[in-house]
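Worksheet: one structure, shown below.
A short reminder: the numbers here are calculations on the coordinates, not readings from a lab. Remember, predicted model here, so these are calculated numbers, not experimental data. Every residue, glycine among them, receives a Cβ derived from its backbone with ideal geometry; neighbour counts consider all protein chains shown.
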């Protein structure tokens, strides 16, 4: 295969579904290129959420400098637009010291916004978000789906209609602007002063699901239930509307048994991984690699990074 030239500086992106091995590969590459890592995992920002977000361990954090890990509190809202602003400002500084910077994580929208930019969405009033959250909590996801179908049937054709956070975000824009969400999501791409080189880890489904199940068991052994119990008073916050916590909050509310909650965490994490893969397959310019072939992957990355003008 002829490797096309890659212009410096390079934002080397390591992405893939949850439990695919992104952290280990990113650290290896950071050490190889003597550089730093930016996390684009939308839940690892929060310092109170440790076990359930599968953050890098203290040893891993010491192995390579990391940014956007433990950088915010769950009580302080942090949007994808905030991340775009902060990450681009940081990258401008980092690229004066490094020819290559690594970004890793499985949050597709946060990855895309750094490479392609964010459409100029309107500001959303807190009461609008609270209203939609109340609809979801009292009437379920079907009410959100029906409302979005009325306000933006075009977006419904391509939206992940099983993801309440995506539905709420689209409805926030519709209600705040009076226009359909799809009118803003035009896909206009900005030009960045760096090259985005994207690698996605791809494991056989059975192996990935096995790794997910094992990770959930390990999280429980590490104290995930105790972590969720401590976060229970904040369960209404957006940061905690996520797999691994919501199921345990239901257990703490007496809605399920602990066995049912654990099985739901595994099931919902597998579904989340499937959605991540669906998202990534729609992304352009992604190079798919097998993390089991680590040496070959590292060589491929090095060849592409070093083959620059």
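Please state the shape class of region 19-115: rounded when a/c is under 1.5, otherwise prolate if a/b exceeds b/c and oblate if not, all from the C-alpha gyration tensor.
Details: a/c = 1.65, a/b = 1.12, b/c = 1.47.
Cα axes put region 19-115 in the oblate bin.
Can you tell me the equivalent ellipsoid semi-axes for region 126-183? Use √(5λ) from the Cα gyration tensor, largest first, whole Å.
Working: eigenvalues 52, 37, 14 Å².
The answer is 16, 14, 8 Å, longest axis first.
Taking 7 Å along the Cα-to-C-beta vector as the label spot, tell me the residue 134-residue 259 distance in nanometres, rounded to one decimal.
Using points 7 Å along Cα→Cβ, the separation is 3.9 nm.
Taking springs between alpha-carbon atoms closer than 10 angstrom, which of 77, 56, 180 fluctuates most in the Gaussian network model of the chain?
Per the Cα network of the chain with a 10 Å cutoff, 77 tops the list.
Suppose a student asked you for the relative contact order of the chain, using Cα pairs under 8 Å spaced at least 6 residues apart; what percent would you report?
Numbers: 405 pairs, mean separation 89.6, N = 309.
Relative contact order, the chain: 29 percent.
Residue 274 label point, 7 Å along Cα→Cβ, cut-off 16 Å on backbone N: hits in region 159-176?
Only 160-164 pass the distance filter.
Please build a GNM for the chain, connecting alpha carbons under 10 Å apart, and tell me which residue among 179, 99, 158 fluctuates the most.
158
Give me the Kirkwood hydrodynamic radius of the chain in Å, from all C-alpha pairs, to one decimal place? Walk me through the intermediate numbers first.
Numbers: mean 1/r = 0.0486 Å⁻¹.
It is 20.6 Å.
Note the full-extension length gain between residue 149 and residue 191 as 0.36 nm times their separation in residues minus their Cα-Cα distance, in nm to one decimal. Show your work: numbers first, answer last.
Numbers: separation 42, 0.36 × 42 = 15.12 nm, distance 3.31 nm.
Extra length available between residue 149 and residue 191 comes to 11.8 nm.
Grab the DSSP H runs of the chain that are 4 residues or longer, score each as -39,500 (n - 2.57), total them, divide by all residues and round the 222 nm result to the nearest 500 deg cm²/dmol. Walk me through the numbers before you get to the answer.
On the way: 13 runs with 156 residues, N = 309.
Value at 222 nm, helices only: -15500 deg cm²/dmol.
Provide the gained length on full extension for the span residue 79 to residue 109, in nm with one decimal, where the gain is 0.36 nm per separating residue minus the Cα-Cα distance.
Details: separation 30, 0.36 × 30 = 10.80 nm, distance 1.07 nm.
Stretched out fully, the residue 79 to residue 109 stretch lengthens by 9.7 nm.
So for region 187-238, considering every pair of alpha-carbon atoms, how many percent are separated by more than 15 Å? Before the final figure, lay out the partial values.
Details: 950 of 1326 pairs.
Summing the P(r) tail past 15 Å for region 187-238 gives 72 percent.
Which distance in nm do the two modelled labels at residue 141 and residue 176 give, with both placed 7 Å along the Cα-to-Cβ direction?
2.3
Using only the Cα atoms, work out Rg/Rh for region 89-205, with Rh taken as the Kirkwood radius, to two decimals.
Details: Rg = 17.4 Å, Rh = 16.6 Å.
Result: Rg/Rh = 1.05.
Taking just the alpha carbons, could you work out the radius of gyration and Dmax for region 223-279, both in angstroms?
Cα only, region 223-279: 11.7, 34 Å (Rg, Dmax).
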